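For reference, the structure discussed in these notes is given below.
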Amino acid sequence: MKLCETFRSIQGEVQGIGRQALFVRAAGCNLGSKCPVDCDTRYSWDPAESPSFFEKSAGDIDAEIAASGVSAVVITGGEPLLQQAEVVELVRLRSGIDWFVETNGTIPPVDALHDDERVYFNVSPKLPSFDPSPFPLERSIFKHVVAPGSNDFAAWGRKMESMPDAIKHRTYFMPASRDREQYLANAPAVAIWCNANGFNFGPREHMVVFQGMRGQ
């Protein structure tokens, strides 16, 4: 599997929040510089930002999981669903693990991941054409970053009006932030807006605790 980093830390967002996890960050993204949303992990796909991509076998990653002692693994990126065969191989190696796949929602999961009850999807849609139907609803959430003072509140308020309840109830809004200061500045306004409209609020605890630093 082509990676840019692995590390053990605390899951800071939505599904699995607060859990000790091994993070496996895949290298490469199908959107890259074409993504209409600002990317906070550009180093995972842009060689100019991080020239240290490397290959690691499923067996070697599994050994790292065993050594870490965790019961949760976050497979993130970049876009990890570009490497689904490798992800499937990894997931099949070990029982007793909850797998959280972070994805931009543009690539449908293969059946081996879609149908595995240990695999959860934290979907961060980047394109207006996003379709949630390829993802198993009971094991998926859809998270969106919003910024106070922008048009985000009004635009998402309109979108949520026509959204089916089943999707709406699994949609979370997170404060735009790159560090603790930005998070603490933006979180109250986003939480108040969510509360006023009956929307789910998505904490970003890694911003508060670790300042959004790489590898934390």
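The values are calculated or read from the model by the stated rules, or taken from the named source; none is laboratory data. Being a predicted model, the structure only gives us computed values, none of them experimental. Here Cβ is always computed from backbone atoms with ideal geometry, including for glycine, and neighbour counts include all displayed protein chains.
Observations
- Only one of the numbered conditions (1) surrounded by 18 or more Cβ atoms within 10 Å (Cβ to Cβ); (2) in contact with a helix residue (DSSP H, G or I) (Cβ under 8 Å, 6 or more places away or on another chain); (3) part of a helix (DSSP H, G or I) is not met by residue 101, and that is (3).
- Among the numbered conditions (1) more than 14 Å from residue 37 (Cβ to Cβ); (2) touching a Cys at 6+ places or on another chain (Cβ under 6 Å), the only one that residue 122 does not meet is (2).
- Residue, surrounded by the most Cβ atoms within 10 Å (Cβ to Cβ), within segment 36-52, restricted to residues that are over 19 Å from residue 81 (Cα atoms) and touching a Cys at 6+ places or on another chain (Cβ under 9 Å): 50
- Pair list, Cβ under 7 Å, 6 or more apart: segment 120-139 residue at pLDDT 95 or above, other residue of a type in the set (Asp, Glu) and part of a loop (DSSP other than H, G, I, E, B): none
- Qualifying residue in segment 8-28 (condition: exposed (fewer than 15 other Cβ atoms within 10 Å of the Cβ), outside any strand (DSSP E or B), without any contact (Cβ under 8 Å) to a residue 60 or more places away in the chain and in contact with a helix residue (DSSP H, G or I) (Cβ under 9 Å, 6 or more places away or on another chain)): no
- Between 55, 89, the distinction of being buried (at least 16 other Cβ atoms within 10 Å of the Cβ) and either out of contact with any helix residue (DSSP H, G or I) (no Cβ under 7 Å at 6 or more places or on another chain) or not small (Gly, Ala, Ser) (or both) belongs to 89 only.
- Only one of 65, 75 that is closer than 24 Å to residue 10 by Cα, in contact with a strand residue (DSSP E or B) (Cβ under 7 Å, 6 or more places away or on another chain) and outside any helix (DSSP H, G or I): 75
- Taking each residue of segment 86-114 that is free of Cβ contacts under 8 Å to residues at least 40 places away in the same chain and looking for partners that are of a type outside the set (S, T, N, Q) and surrounded by fewer than 17 Cβ atoms within 10 Å (Cβ to Cβ) with beta-carbon atoms closer than 6 Å, six or more apart or interchain, yields 88/112; 99/118; 105/130; 108/134; 114/136.
- Condition broken by residue 37, with the remaining ones in (1) under 18 Å from residue 145 (Cβ atoms); (2) touching a strand residue (DSSP E or B) at 6+ places or on another chain (Cβ under 6 Å); (3) in a loop (DSSP other than H, G, I, E, B) satisfied: (2)
- Here residue 66 does not fit the description of being crowded, with 21+ Cβ neighbours inside 10 Å, within 27 Å of residue 118 (Cβ to Cβ) and small (Gly, Ala, Ser).
- The numbered conditions (1) farther than 18 Å from residue 101 by Cβ; (2) assigned to a loop (DSSP other than H, G, I, E, B); (3) at pLDDT 95 or above are all true for residue 70 except (1).
- The residue pairs whose first member lies in segment 53-75 and is closer than 12 Å to residue 7 by Cβ, whose second member is basic (Lys, Arg) and part of a strand (DSSP E or B), and whose beta carbons are closer than 9 Å, counting only pairs six or more residues apart or on different chains, are 64/8; 68/8; 70/8; 74/25.
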